[in-house]
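Input: a single structure, listed below in structure tokens.
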Amino acid sequence: MPHPNKPRKKPEDLRSLRWLGPDDFRSFGHRSRMKQMGYDEKDWSGKPIIGILNTWSDLNTCQTHFPQRVQEVKRGIWQAGGFPVEIPVTALSEIFMKPSAMFYRNLLAMEVEEVLRCHPIDGAVLMGGCDKTTPALIMGATSANIPAIYFPGGPMLKGNWNGTTLGSGTDVWKYWAERCAGNISECAWRQIENGIARSPGHCMTMGTASTMTSIAEAIGMTLPGAASIPAAHSTHGRMASETGRRIVEMVWEDLCPTDILTADAFDNGITVDMAIGGSTNAIIHLVAMAGRAGVKLALDRFDELSHRTPVIANIRPSGEYLMEDFYDAGGLRALMNQIRNLLHVDAITANGKTIGQNIEGAEVYNPKVILSPEQPLSRAGATFVLRGNLAPNGCVIKPTAAEKRLLKHKGPAVVFHGYPDLKKRIDDENLNVTADSVLVLQSGGPLGAPGMPEWGMLPIPRKLLKQGVRDMVRISDARMSGTSYGTCILHVSPETALGGPIALIRDGDMIELDVEKRSLQLHVSDEELARRRKDWKPPEDRFARGYGQLFSDEVTQAELGCDFKFLHAGRPTAEPEIY
Ligand code: FES
């Protein structure tokens, strides 16, 4: 179905023709160098050139299957009459990149935008999967705004330890706590290490990767059904070819990211995020992606939609199962059909159809994994936005992953001044901490850490683990892995490095959390806080040059998506001149 407001493109309208068509000196160079690569005019003439932006690398553990998937995408592009070119872009490896892959999300987004703009490319297949790759690819492609489709890398198979199912991240935290408590042997720990990641694909809990790929489908940037297919499944290869075939048609239809990414599409993304019990990180990425499309998403919109959306994906860390089970139970299409009445069903998607058409008739095959909205895991959504004098610009919590008794809690603060301090003192037998204490980590924000690492699930002090404590109220301006769990209050804004109230907390201050009232209060008088603020000194500049300095100068706070200020939507950047 072509876009209703756009005429179908003809070969003479192709963007790439500006490079390869004219009978002039510069185009001679472009054509002769295509021939240098062994191509003939028959290969490209009159065909859309499709850039396949591949976030593969030898250190991106989640995407080791991408070299084969690229060939499958190419096959589809050739079949549909396009000309595929593979372009490697920064592989954001969640596991290995320090200080955090998040620090580099905007770098990849910038790279994607500029790579698409500066080359003779008519359309793009965006290949991602590991956490930050999804938002970065979509952010960049949205700013470039040429036809683009996202191809999700798919979750890995379930982990296994001597017959016990293991989930990425979630079970690492769980069994690490048991190991610290002395309940797991060195040998068992090694066996878990061997069995927890046993195939290609991204984390297979409802961590940030599965959340973001699901959101990418919900906002219309993938083919229907693409997000849930396990990476090792043969259907995944077939979906790669189908994606290749579809992008060629999207070019002729001139179906661009901003045609798809409307306010309604982002509402659908938020609603699905809530229904799947998605990662808290999704809030930051959704705000950033929407910002590129010129859609303003306030934190309150998340709370509004969260309020009316039941959590119906019974997947860890909020639930019991894993992504492989979710796929077998019907996958995201089936889940969306369950909450159809909460979606804007007329929103257009990458296949040219509406989301309503795409989910029509999608059935749930296992009601234990995809629950009915009448009997959900939780009546309200996965993420709540809290405010109060401790977080004037907001903070978030994932109540479904917390111990219910802690959702209303008042206790004295135990403050850690950055991660090194936490690491040094958290297991000190003399630490003045009880199960009622509130653990506070400062300097974990976008600027302070830097890059807002996933430090927000502060470890429980070892002496309390030994007493059987497994959850406590924890507060930080950092993020938390989507695979994590616990009563963790995250993204506190303004952050420590900007002198937000979190910077002023001292040991013993009483902190009160009331999730039902969406409130987080520091029980210290305004006068005392003003006195402390006078004594507060901003941290020294960490970077004197390079990307770090650009990041420090331009990154926004969590509620604004942590995008760079100069990358928000504005007047479109002009096409490059070709001389
Ligand atoms: Fe890549 Fe979890 S480490 S998705």
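Worth pointing out:
- Reported count of residues in segment 120-150, each being within 16 Å of the ligand (Cβ to nearest atom), in a helix (DSSP H, G or I), out of contact with any Pro (no Cβ under 8 Å at 6 or more places or on another chain) and hydroxyl-bearing (Ser, Thr, Tyr), is 1.
- Verdict on residue 210 being open to solvent by 10 Å² or more (accessible area, probe 1.4 Å) and within 15 Å of the ligand (Cβ to nearest atom): no
- Qualifying residue in segment 325-335 (condition: without any contact (Cβ under 8 Å) to a residue 24 or more places away in the chain, over 28 Å from residue 144 (Cβ atoms) and out of contact with any Asp or Glu (no Cβ under 6 Å at 6 or more places or on another chain)): no
- Within segment 543-560, residues that are of a type in the set (A, V, I, L, M) reach partners that are open to solvent by less than 20 Å² (accessible area, probe 1.4 Å) with beta carbons closer than 6 Å, at six or more positions or on different chains, in the pairs 555/446; 555/562; 558/284; 558/491; 558/493.
- Residue that is most open to solvent (accessible area, probe 1.4 Å) [pool: residues in segment 161-175 that are farther than 16 Å from residue 320 by Cβ, within 31 Å of the chain's Cα centre (by Cα) and more than 16 Å from the ligand (Cβ to nearest atom)]: 163
- For segment 40-72, a tally of residues being within 16 Å of the ligand (Cβ to nearest atom) and either basic (Lys, Arg) or open to solvent by 70 Å² or more (accessible area, probe 1.4 Å) (or both) returns 5.
- Here residue 25 meets the list (1) touching a residue at least 24 places away in the same chain (Cβ under 8 Å); (2) surrounded by fewer than 22 Cβ atoms within 10 Å (Cβ to Cβ); (3) among the hydrophobic types (A, V, I, L, M, F, W, C) almost entirely, failing just condition (1).
- Scanning segment 266-296 for residues being assigned to a helix (DSSP H, G or I) and surrounded by fewer than 24 Cβ atoms within 10 Å (Cβ to Cβ) gives a total of 3.
- Taken over segment 141-160, the residue count meeting the criterion of being open to solvent by less than 20 Å² (accessible area, probe 1.4 Å) and of a type in the set (S, T, N, Q) is 1.
- For segment 472-508, the set of residues classified as open to solvent by 20 Å² or more (accessible area, probe 1.4 Å) and of a type in the set (D, E, K, R) consists of 506, 507, listed by residue number.
- Helices (runs of 4 or more DSSP H) completely within segment 304-394 that count 1 or more residues being charged (D, E, K, R): 323-328, 331-338
- Remark: residue 259 matches the filter, which requires a residue to be open to solvent by 10 Å² or more (accessible area, probe 1.4 Å) and away from the ligand (no atom under 16 Å from the Cβ).
- If the condition is being small (Gly, Ala, Ser) and either within 16 Å of the ligand (Cβ to nearest atom) or open to solvent by less than 30 Å² (accessible area, probe 1.4 Å) (or both), then segment 73-94 contributes 76, 81, 82, 91, 93.
- Pairs, first within 14 Å of residue 456 (Cβ to Cβ) in segment 416-427, second part of a helix (DSSP H, G or I), C-beta under 7 Å, six or more apart: 416/422; 416/425
- Hits in segment 105-122 - residues which are over 30 Å from residue 13 (Cβ atoms) and open to solvent by less than 10 Å² (accessible area, probe 1.4 Å): 105, 106
- Residue in segment 95-104 that is aromatic (Phe, Trp, Tyr), assigned to a helix (DSSP H, G or I) and either open to solvent by 10 Å² or more (accessible area, probe 1.4 Å) or within 16 Å of the ligand (Cβ to nearest atom) (or both) present: yes
The values are calculated or read from the model by the stated rules, or taken from the named source; none is laboratory data. Bear in mind that the values here come from a model prediction, so they are computed numbers and not experimental data. Every residue, glycine among them, receives a Cβ derived from its backbone with ideal geometry; neighbour counts consider all protein chains shown. Ligands, DNA and RNA are stripped out before the accessible areas are found, and what is left, the full protein with its side chains, is counted by its heavy atoms. Shrake-Rupley method; radii C 1.70, N 1.55, O 1.52, S 1.80 Å.
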